[in-house]
Structure formats: C-alpha cells, structure tokens
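Working notes, beginning with the structure itself.
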C-alpha cells in the first residue's frame, strides 16, 4: 500500500504538526513522511477542498448483531458502515445470540475482527447472558480480550450486582458501562413522558427513570472507588449529576449519542419509528442540554448506539417497533453541525475514549503505524438511502442536510475510501 494524502490540515494536539497543512505519505501501513510537499510515484492520491486528517476515531457502543442476528448486520457490513463514518475502532455490545458472556464468544469476535479494516473490540456482559441475575466470568473474558463490561441495551437493575461488578473490576482496572434505565419506572413507556406523549396518546417513559439510575450508580461508584462510564445520557438533570460527581473526583465518564443532541420528542409527531430509541428522545430543553454538554466537554466522548433493525421491525405500528437507529455513518456530521470546536470534537472521538478504556494513544508522525481518519468538516451533503453501508437502513437522517464528509480511513495496512 502506498498512499499520499495531499495538503491536509492535521488535527492532533499531541503532534508537532497540529494545525498545519501537510502532505502525508503512507507506505505499507506506516507513516513514511510528513512534509509541506511530497512527491511519490505510483501512490494512491487523496485530495480534497478542505481536507483534514486525525488519528482514527473510536465509537464506544455499537451493535453488529453478529452472531445470531445476521439479517440485521454482520461483522463485515458493520465494519463497512464504521469505515464510512470515519471509525477505525468500534466497541461491540454483547447483545448477540449467544450473548458475549463467555471467553469463547469474546474470541469469536476477535477472530472475525481480523478480517476487516476496522478494529473491533468486544464488550463482555456483566451478568450471565445479560440477564442481570449473577455475574458472568468477567476475569476469563478480560484475559481473552474483553475491553470493558456492560449488559449493553439491558442495563443492570440490581444495585447489589452492580456493586459486586464494580468491586470485581478494581482487581483488573476495568470499566463498567451502564445504559441508565430504571425499568421499574415507566418500563412500558414508548417515548419520553411529557406534553408530546399526552398529545400523541403514547405511554410515557419519564426522565426520572434515567436520573434515578445515574444517581444510584454514582453512589455505588463512590462506595467502591471503581470506574464507571454512563452511555446514552439524555437529560439535563442526569448531566448535572455527572458534572457534580466529576467535580468530586469520582472516576466517572459519560458519552452521548448524536441523535439525542439532534432530535427531541417533538420530532415524533409523525410517529416515525426510526426515532423510537432507548433512552427515548427527551424534551427540547434536554436536547439542548446534551448539545451544550458535548460542546463544553462535560460529555467525554461520543457513542453511535448503532442499532441496526430489519425493515419489518420498523415498518409497523409505533407500539410494536423495536428501539434503535443506525448511527456510525452520520455521527460525525450530525455533531459537527453544531459543535463549536473541531479540535475538541476530534479529541472526543480519539484520545478521550482511548484514555478512558485503556487503548494505546495513536501517534501522527513519521515512523508511526498509520491509523488515520481523513475528512472534510466544512463540506455539506444530503444524506440519502444509497449512501448507507450498513445492512439496515433505520435512520431518521435520510433526506437531512449534514455538514462534514468522511473521505476514508487508513488502518491495519488497509485504505478504505468513501465513494459517497
């Protein structure tokens, strides 16, 4: 492989080239040279109007549905969607069939990950089969390569089990990931509880269910002195709880989705099942709070919550539609639309998640292994169904004008160009 990236603005605060426009030559997976001008024969040339390059982006929470639900997504189609969205690293939740709650399932993901250009990191379940009843074999899965622990879309309801898991993770310096959802509060809700749920005649899911679980898990974190990451945070009060816990010095981090910053419950007035997600889209004030927390860095990193669903599970009555939206391919553009600081946004996609979950930091200098995302943040485009690389098309962004094109990635000695 021989690739020459021409006149790219480098976004990498740890690099001596940060903020400079440079040519980058990559040969056989290594950065050979970074200079003002480079000439290279027989190299694949990458050019653009406002080209930017950073280290490879990381997504902390995605479902590739493999094994067991390959009609929704596979490792290869999920990796293609990730590459199209600029991601070189994706954390896979354990909600497959079988659930990733044994070392053999962790090894299955790692073996299949070797065949694609994206680094796939298995997240193993906290409880056996993600049922929330008893701890899974966390140490064995850690030894086999599990990056962190979560029951994925099934948040652990038992405080005693969360307590045991947090204590257990102290021995391996691991991180527990929780989706904040107290199912005893509005467990049958279909959307955010509020004026809109009343108008639409749909059962509501109150914000307090999310906030109670965040408060509970912060108390458990305070008691254990362990490490906790809350993902999919969607309410103003939940963000305030996280801010206070961070100020106290607790080892707490959080991530949010692009769609919780882009949509609110008012957008459900047409009963669009693509907007049926969990946590549900909240009020306009909560949406704005998520935007603000992303923009000021309170939200440490971004998670796509990529959740492919078959057409049959979305083209139906709202009540029967499954939760979830694909998000890997639109995350950057959707957040770039409002984020005031490109350097911070890139940091939320690169160094921050790597530090939180103990992944090696990526260098962007001559001699380093090339793990790069190439993008044009000022380019606008209309997102169409034909652009989608995922096997499923359940997204509310189709037909939306977005800002920020991804040109491609270089990773694992492979170049993936986005032909969009």
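All of the numbers you see were taken from the coordinates with simple rules; none came from a lab. These figures come from a predicted structure and were not determined experimentally. Virtual Cβ from ideal backbone geometry, glycine too; neighbours counted across all protein chains shown.
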Label-point separation, residue 320 to residue 115 (7 Å along Cα→Cβ), nm: 3.4
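Any idea what % of Cα-Cα pairs in the stretch 115-258 are farther than 24 Å?
Roughly 34 percent, rounded to a whole number.
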On Cα atoms only, tilt of 284-295 relative to the major axis of the chain in degrees: 40
Viscosity 1.306 mPa s, temperature 10 °C: what is the translational diffusion coefficient of the stretch 49-162 from Stokes-Einstein with a Kirkwood Rh over Cα pairs, rounded to a whole number of µm²/s? 110
For the stretch 179-256, restrict the atom set to alpha-carbon positions and state the Rg and Dmax in Å. 13.8, 44
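Given Cα pairs under 8 Å that are at least 6 residues apart, what percent is the relative contact order of the stretch 56-357?
The value is 17 percent.
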Restricting to the chain, compute how many DSSP beta bridges are antiparallel as a %, nearest 5. 50
For the Cα atoms of the chain, what angle does the longest principal axis make with the long axis of helix 207-224, in degrees from 0 to 90, nearest 10? 80
Contact order relative to length for the stretch 68-183, counting C-alpha pairs under 8 Å separated by 6 or more residues, stands in percent at 22
Taking the Cα centre of each part, how many Å lie between the stretch 37-57 and the stretch 374-420? 18
Relative contact order for the stretch 291-346: what percent, with Cα pairs under 8 Å and sequence separation of 6 or more? 38
All-pairs Cα distance distribution in the stretch 9-57, expressed in whole percent, bin size 5 Å: 5, 18, 30, 30, 14, 3, 0
Just the Kirkwood number for the stretch 310-357, please: inverse of mean 1/r across all distinct Cα pairs, in Å, one decimal. 13.4
Rounded to the nearest Å, what's the spacing between the alpha carbon centres of the stretch 134-170 and the stretch 322-355? Just the number, please. 26
Once a ≥ b ≥ c are taken as the square roots of the eigenvalues of the Cα gyration tensor of the stretch 373-420, is the result rounded (a/c under 1.5), prolate (a/b larger than b/c) or oblate (a/b not larger than b/c)? oblate
Report, to one decimal in Å, the Kirkwood hydrodynamic radius for the stretch 337-420 based on all distinct Cα pairs. 15.0
Among 169, 372, 311, which one moves the most in a GNM of the chain with springs linking Cα atoms closer than 10 Å? 311
Provide Rg over Rh for the stretch 56-357; use the alpha carbon set for both Rg and the Kirkwood Rh (inverse mean inverse pair distance). 0.93
So the label point goes 7 Å from the Cα of residue 41 along Cα→C-beta, right? Which residues of the stretch 1-19 then have their backbone N under 18 Å from it? 1-4
